[in-house]
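The values are calculated or read from the model by the stated rules, or taken from the named source; none is laboratory data. Since this is a predicted model, take the numbers as computed values, not measurements. Here Cβ is always computed from backbone atoms with ideal geometry, including for glycine, and neighbour counts include all displayed protein chains. Please note that ligands, DNA and RNA were not included when accessible areas were found on the heavy atoms of the full protein model with its side chains. Shrake-Rupley method; radii C 1.70, N 1.55, O 1.52, S 1.80 Å.
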Amino acid sequence: MEKSKISASQLFILMVLFELGSSLLVPLAMDAKQDAWLAILLGMIGSLVLFLIYHKLYSYYPDLLPMEYMQKILGKVIGTVIAFAYILYFMYDASRILRDFGEMLLTFAYPDTPLFIANALLILVIIYMVRSGIEVIARSAELLFILVYILAVAGFILIVSSGLIDFTNLQPVLEEGMLPVLKTAFTQTLYFPFAEAIVFTMIFPYLNNPKKAKVTMLCATGLSGINLVITMIINVSVLGVDLTARSQFPLLSTVQSIQVADFLERLDVFFMIALVIGIFFKISVLLYAAVIGTASLFRIASPSRLSYPLGIAVLFLSITIASNYQEHIREGLKITIFVLHIPLFVLVPLLLLLVAFLKNRKKKRE
């Protein structure tokens, strides 16, 4: 583990950018139709409970990476297997986000460019960033966070000014009752994007003030959740339920609809910049977690050397992960939830917490 330290504010910014990341791109929670915003809100609230579990584990072992305390809690063999599963997940998730980036870039800007080239350009910059360490990632996020929010506020003002918003598209609220909303929240939005932030358990040991970890994590999730709720309300209000669900990238479709005073239009390029920034930091955090996790698990003295092989592996996985974008989205929203997210985000942390609690209780008695 490197000796770098980051502040609570830097952790906050990284978490917000991470959770917004690719979730601003996809038609999130559209199984709940016009109540998608409510499903996102409930998913955010549910994720706060999971984060308390992650933080409790961190409080038991504040100086250890998860790969290390998994072995302490479950034993060398089982702990190593589970730790390796998390490393593979971080790489898999990074490859999914990289695929999102490539598809967006090809759809809106460079339709004749091979997907491999678009993805390779981004992953090379990310590899350089990850080699530089967590401090460089955090400081870069601080600088670009301001730009992201300037673009977000400007976009909101322009959408309102252009008169595109029609709140009747959000009605009727709870048309089919609460069940579809709850189902969407606890099978989709709870895990993507909120519980994906389990990756920050790999970053917590670098926090210069461990006491601020809990409040930072909860506040960052709250802010990103509110932003996603507002974004979904705007998307459905502007595009309608059917068009939002059918669109590959609803937010960019919404932004393309902006037209103010017959000359201010085609502003999607500015908002692509904001989306690329979020995606860049999301992949950076995931790849960094995979690098330091691998170095910790296999006792590699210089983690930065792993950046290139793991980064290249993520690049090739992003190309082969699905034959087309529709398959990629279906895999992410329907399959990985049950195969990866529920076991890795809920079941394993609960098991780890239970065993850690019992072990610590036994030590106190002794």
Kindly express, to the nearest 10 degrees and within the range 0 to 90, the angle between helix 8-20's C-alpha long axis and the longest C-alpha principal axis of the chain.
50
Excluding ligands, DNA and RNA, what is the solvent-accessible area per residue of the range 23-95 at a probe of 1.4 Å, expressed in Å²?
34
Rounding to the nearest 10 and keeping the result within 0 to 90°, find how far the Cα-based axis of helix 213-239 lies from the longest principal axis of the chain.
20
Among Asn208, Ala118, Ile321 the positive-end extreme of the charge dipole of the chain (Cβ point charges)
Asn208
With +1 assigned to the C-beta of every Lys and Arg and -1 to the C-beta of every Asp and Glu, and no other charges, what is the dipole magnitude of the chain about the Cα centre in debye, to the nearest 20?
2100
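Measure up Lys3/Lys211; Lys212/Lys359; Lys33/Lys282; Lys72/Lys362 against 22 Å on the Cα-Cα distance and list the ones that go over. Mind showing how you got there, number by number?
Values: Lys3/Lys211 19 Å; Lys212/Lys359 25 Å; Lys33/Lys282 27 Å; Lys72/Lys362 15 Å.
Long pairs (Cα-Cα over 22 Å): Lys212/Lys359; Lys33/Lys282.
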State the extension gain, in nm to one decimal, for the chain segment bounded by Ile53 and Leu218, taking 0.36 nm per residue of separation less the distance between their alpha-carbons.
58.2 nm
Which Cα, out of Leu88, Gly133, Leu64, lies furthest along the positive dipole direction of the range 24-172 (beta carbon charges, K/R +1, D/E -1)?
Leu64
Under 18 Å from the Cα of Lys334 - aspartates and glutamates, other chains or at least 8 residues apart:
Asp31, Asp93, Asp100, Glu196
Taking the chain as a Gaussian network, where each spring joins two C-alpha atoms under 10 Å apart, which residue of Val236, Val276, Val130 fluctuates the most?
Val276
Here, trypsin sites (Lys or Arg not before Pro) of the range 1-110 satisfying both criteria (DSSP loop; at most 15 other Cβ within 10 Å) are Lys3, Lys5
Accessible carbon and sulfur surface of the chain relative to its total accessible area, %, 1.4 Å:
67
Between Met178 and Leu147, how many nm apart are label points set 7 Å from Cα along the C-beta direction?
4.4
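Counting only heavy atoms of protein chains, what accessible area per residue, in Å², does the range 205-323 have with a probe of 1.4 Å? Don't jump to the answer; show the numbers that get you there.
Numbers: 4820 Å² over 119 residues.
Per residue, the range 205-323 has an accessible area of 41 Å².
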